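Undergrad: Sending over a structure as structure tokens; questions will come in a sec.
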Amino acid sequence: MGTAKLTLDGQVLELPTVVGTEDEVGIDISKLRKETGAITLDYGYGNTGSCESAITFIDGEKGILRYRGYAIEELAEQATFAEVCYLLIHGELPERSQLDAFVQKLTYHSMIHEDMKKLFEGFPPTAHPMAVLSSMIVSLATYYPHANENVDLNIMRLLAKAPTLAAISYKKSIGQPVVYPRNDLSYTANFLHMMFAVPAEEYTVSPVLDRALNLLLVLHADHEQNCSTSTVRMVGSSDANLYASIAGGVCALWGPLHGGANQRVMEMLARIYEDGNDYRKYVDKAKDRNDPFRLMGFGHRVYKNFDPRAKILKRVADEVLDELGIDNPLLDIAKNLERVALEDEYFIERKLYPNVDFYSGIIYSAMGIPTRFFTVLFALGRLPGWIAQWKEGRDSPKTRINRPRQIYTGPKLRPYVPLDRRG
Ligand code: CMC
């Protein structure tokens, strides 16, 4: 691939190109401002590459998602979440001994400092679990203040403790005693145990739920430079510590246009159900420019054909509900909404398809996860991706502090008017 030429007020600038492994082309404009004084303006960064990355590949036109070269469909079918964490963070699938050592660390770092439990007492029971999760993750930096000096150890601490923190926040919100992690259980089974076991009662982790949770976490594990991941890289670029950077990512994920959409999808489906199941009315509302309503769980900045994660989840939602013998009318509403929207000119023209958040909530519900807690599950899944991206940014010699420019549109210089003369 050759160079690109930019002409600005008669000045011609040759810009080098960068070509990725999958033939994606980027025009390197690093010298643009120095040479011309101009900057680029790209609202929402739809055309801007912020880094080179070897972690995740997406082809939005073809509906392709790969972690480190492995197809999401194969990983979802065959890999454990622990393997995927290792793959994303270390770049290769682990050999048996590497995986055993990794899982051992994931297990033995799962306990939190006992004093941390007191922090939970400061939150009202109504606190949104994403606010609690983000606070608790950044609070880990107070217990491990030198996180950036021993990065690998702190990565394992974070991965191991995050499910414990999430489960404690759930238990606190419903007034139940905290359930401690168990070292004989897998990462996913242990999380379900901490969430749903009640002291003095027998609790056995359902293999159906365990499998479903593993799949959900794998499907959410990374998604290249999305809003929360870019936030993590942004915070990390100032050399902020791992916990601070990831807490920033949790906050970004919380928004309803991003991971928070999974909560909103479920609320939307419940609203349609309560409103007499008239899903066509809601498709019309979503199309109406004067109505702020959007079909939650629909549309994606990158996927313009289908979201491969949504395709898998639609099938798995059916399977899980079948296996558990649950009949959830919201699943039928979701399918009807999808069918009607996909036949509608508005959605076809704009290439709007169900995204990962459209069917995930149906499965979380079947698992007994409350709606307000859905985005926490997304965060637990995304953790290895954020960590891998944070580490890649930190280790790359090309990383500088992330500092975009702007086009100023405010007033020009004007004299200060003292208060008594302002009327
Ligand atoms: N319902 C109705 N219209 C929509 C929707 C929707 N869900 N999404 C996009 N549009 C329309 C939008 O109004 C615009 O129409 P027009 O060109 O006439 O103005 C056009 O489609 C393009 O939309 P956009 O907002 O410019 O697209 P974007 O790439 O900036 O936003 C999005 C992507 C995901 C934020 C958006 O599709 C959306 O708000 N979807 C609903 C929220 C959601 O499900 N988010 C989860 C995303 S996937 C998981 C994740 O990232 O965490």
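Undergrad: Looking only at the stretch 336-393, which residues are basic (Lys, Arg) and in contact (Cβ under 8 Å) with a residue 12 or more places away in the chain?
TA: Arg350, Lys351, Arg372, Arg382, Lys391
Undergrad: What are the residues in the stretch 60-74 that are of a type in the set (A, V, I, L, M, F, W, C), closer than 15 Å to Leu87 by Cβ and assigned to a strand (DSSP E or B), if any?
TA: Leu65, Ala71
Undergrad: Could you look through the stretch 346-381, keep only residues that are farther than 17 Å from Ala252 by Cβ and aliphatic (A, V, I, L, M), and pick out the one that is nearest to the ligand (Cβ to nearest atom)?
TA: Leu352
Undergrad: Is it the case that some residue within the stretch 138-146 is within 18 Å of the chain's Cα centre (by Cα) and either of a type in the set (Ser, Thr, Tyr) or in a helix (DSSP H, G or I) (or both)?
TA: Checked the stretch 138-146: at least one residue is within 18 Å of the chain's Cα centre (by Cα) and either of a type in the set (Ser, Thr, Tyr) or in a helix (DSSP H, G or I) (or both).
Undergrad: Residues that are more than 30 Å from Pro125 (Cβ to Cβ): list the helices (runs of 4 or more DSSP H) wholly contained in the stretch 327-404 that include at least 1 such residues.
TA: Qualifying helices (runs of 4 or more DSSP H): 329-342, 345-349, 374-395.
Undergrad: Among the numbered criteria (1) of a type outside the set (Val, Ile, Thr); (2) within 28 Å of Gly325 (Cα to Cα); (3) over 14 Å from the mean Cα position of the chain (by Cα), which one does Leu219 miss?
TA: For Leu219, the exception is condition (3).
Undergrad: Okay, next question. Quick one: would you say Arg233 is within 24 Å of the chain's Cα centre (by Cα), farther than 24 Å from Val316 by Cβ and not in a helix (DSSP H, G or I)?
TA: no
Undergrad: So, one more: Enumerate the pairs (first residue in the stretch 397-423 and within 30 Å of Val232 (Cα to Cα); second residue anywhere and surrounded by 10 or more Cβ atoms within 10 Å (Cβ to Cβ) and among the charged types (D, E, K, R)) with beta-carbon separation below 9 Å, excluding pairs fewer than 6 apart on the same chain, so at least 6 apart or on different chains.
TA: Going by the 9 Å Cβ cut-off, the qualifying pairs are Lys398/Glu52; Thr399/Arg233; Thr399/Glu392; Ile401/Asp239; Asn402/Arg233; Arg405/Arg33.
Undergrad: Just a yes or no: is a residue in the stretch 303-317 modelled with pLDDT under 95, near the ligand (Cβ under 10 Å from one of its atoms) and surrounded by fewer than 22 Cβ atoms within 10 Å (Cβ to Cβ)?
TA: Yes, because at least one residue in the stretch 303-317 is modelled with pLDDT under 95, near the ligand (Cβ under 10 Å from one of its atoms) and surrounded by fewer than 22 Cβ atoms within 10 Å (Cβ to Cβ).
Undergrad: In the stretch 212-245, how many residues are within 16 Å of the ligand (Cβ to nearest atom) and among the aliphatic types (A, V, I, L, M)?
TA: Matching residues across the stretch 212-245 total 6.
Undergrad: Filter the stretch 249-302 down to the residues that are open to solvent by 60 Å² or more (accessible area, probe 1.4 Å), in contact (Cβ under 8 Å) with a residue 60 or more places away in the chain and more than 9 Å from the ligand (Cβ to nearest atom) and list them by number.
TA: Across the stretch 249-302, the qualifying residues are Cys251, Trp254, Glu267, Tyr273, Arg280.
The values are calculated or read from the model by the stated rules, or taken from the named source; none is laboratory data. Please read all numbers here as calculations on a predicted model, not as lab measurements. Note that each Cβ is placed from the backbone with ideal geometry, even for glycine, and that neighbours are counted across all protein chains shown. These accessible areas exclude ligands, DNA and RNA; they are computed on the full protein's heavy atoms, side chains included. Shrake-Rupley method; radii C 1.70, N 1.55, O 1.52, S 1.80 Å.
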